[in-house]
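Inspection log for the structure reproduced underneath, given as structure tokens.
The values are calculated or read from the model by the stated rules, or taken from the named source; none is laboratory data. Everything numeric in this text was worked out from a predicted model, so none of it was measured. Using ideal geometry, Cβ is built from the backbone for each residue, glycine included, and neighbour counts are taken over all protein chains shown. Ligands, DNA and RNA are stripped out before the accessible areas are found, and what is left, the full protein with its side chains, is counted by its heavy atoms. Shrake-Rupley method; radii C 1.70, N 1.55, O 1.52, S 1.80 Å.
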Amino acid sequence: MKQDIKSMTLAEMTQALNDMGQPAFRAKQIYTWLHKGVTDFAEMTNLSKELRAKLDETYYITAPKVARKQRSQKDGTVKYLWELGDGNCVETVLMQYHHGNTVCISSEVGCPMGCKFCASTLGGLVRRLQPSEILDQVLFTALDSGLPISNIVLMGIGEPLDNFDHVMRFLELVNSPEGMNIGMRHISLSTCGLVPRIDELAEKKLQLTLSVSLHSPDDASRSAIMPINRKYPVDVLLDACRRYFEKTGRRVSFEYTMIDGVSDSPEQAELLASKLHGLAAHVNMIPLNPVAESPLRPSTRQAVARFQKILEGHGIPATVRRSLGGDIDASCGQLRRKYVKESEKTEGTAWTHGD
Ligand code: SAH
């Protein structure tokens, strides 16, 4: 069984090369090639033929293929559907903001969390991604688009804290000076609220931004849309956010999807404001992106404006997230979902790539 070399840290690679009787600088050379997106040991021209052959016997190099690529006519957002080594697919979205290019990446194939408004979880969890497969989304999006990537958000398919160890390793890889060297302050990680994992993350004292998908301030309506709330209710989750803030000094930001008649009442805005008191939090309001399989609908503009005004009245900064890529199924899991469904219908037919 060959091993996944791109999931290895530089320290592990150095050790492995040392075991092969090779000096430390060789590991660095290989690591650099891999993090530039080289997909074949044969291309590592500064290594001897023998070493390349030996590496090829021991390791494999992951390289996702573009299964689909859609570009928004409105705002230039690009959505990639990557096909992984085993045929599974995940999505990555590339957004161009004035503060830099941001990629939204996936951490799992499917998702086990079961949130009622989210397309990613409709078929449950298929499998967790390897560190290399998470990294590849950043690497190959940069290579395919020709654009430098300055920010990463872990807000694609999957629950990053459900794939904790692989996501931590990915962070180490993408942050490494010999690799893509993307600073922790340019990385956001979003979670639906796995409390023990939030505490574990706090212990690591990383400088990344933790985003919590709150979506409702009361247990009855949050449990109705997010099953995880039955295990870790709102107040338990917010206590974990307080501990996170104390431990890391980093403000937690909250995502709040505006769902008509579910999460958008003035009473809920008041309750949210009172519960966030003392957290120095920022609320990111996201108008629900309707998913075909769900009866949930986005809030009206008036309801969104009213909600925002109440929060701001209590001194809580709240922004309404600009929705990008609405014309290209850019909301979590929608493109993969469509692709999986279409493949089921037309099994055996080859896909044409691109738009
Ligand atoms: N599992 C993680 C990260 C992935 S989802 C989490 O739950 O945070 C990224 C964000 O998009 C989450 O806040 C999620 O709740 C939200 N989201 C998912 N589907 C959505 C939809 N249809 N409309 C608006 N936001 C959605």
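Assorted remarks:
- Seen from a random direction on average, the alpha-carbon convex hull of segment 3-60 projects onto 3.4 square nanometres.
- Summing Lys and Arg as +1 and Asp and Glu as -1 over all other residues whose Cβ lies under 12 Å from the Cβ of Asp239 gives a net charge of 0.
- Segment 4-80 and segment 270-303: distance between their alpha carbon centers, rounded to Å: 41
- Computed log₁₀ I(q)/I(0) - Debye formula, equal Cα scatterers, no solvent, segment 91-201, q 0.10, 0.16 Å⁻¹: -0.27, -0.70
- Remark on the chain: hydrodynamic radius 21.5 angstrom, per the Kirkwood mean of 1/r across alpha carbon pairs.
- The residues neighbouring Leu208, those whose beta-carbon lies less than 9 Å from its own, together hold a net charge of +2 under the Lys/Arg +1, Asp/Glu -1 convention.
- Helix-only CD estimate at 222 nm, as mean residue ellipticity for the chain, using -39500 (n - 2.57) per DSSP H run (n ≥ 4): -11000 deg cm²/dmol
- Sorted peptide list for 207-213, 144-150, 187-193, criterion being average Cβ within 10 angstrom, highest first: 187-193, 207-213, 144-150
- Cross-link pairs Lys36/Lys116; Lys65/Lys231; Lys116/Lys231; Lys247/Lys275; Lys69/Lys231 - those with Cα-Cα distance over 28 Å: Lys36/Lys116; Lys65/Lys231; Lys69/Lys231
- Candidate cross-link partners of Lys79 among the aspartates and glutamates, defined by an alpha-carbon separation under 16 Å and a same-chain spacing of 8 or more, comprise Glu91, Asp136, Asp144, Asp327, Asp329, Asp355.
- Taking only protein heavy atoms and a 1.4 Å probe, the accessible area of the chain is 51% carbon and sulfur.
- Each Cα pair under 8 Å and six or more residues apart adds its sequence gap; the mean of these over the residue count of segment 65-353 is a relative contact order of 18 percent.
- A cut-off of 5 Å between modelled amide H atoms, ignoring neighbours fewer than 5 places along the same chain, links Asp264 with Ile259.
- Cut-off under 5 Å, modelled amide H: who pairs with Thr209 long-range: Ile187, Ser188, Leu189
- Accessible area per residue for the chain, computed on protein heavy atoms with a 1.4 Å probe, is 45 Å².
- Segment 210-259: relative contact order as a whole-number percent, Cα under 8 Å and 6+ apart: 54
- Peptides 79-92, 28-41, ordered by how many other C-beta atoms sit within 10 Å of their residues on average, highest first, read 79-92, 28-41.
- In nm, spacing of pseudo-spin labels at Asp239 and Asp19 (7 Å Cα→C-beta vector): 4.4
- Straightening the chain between Ser48 and Arg230 buys 59.8 nm, computed as 0.36 nm per residue apart minus the Cα-Cα spacing.
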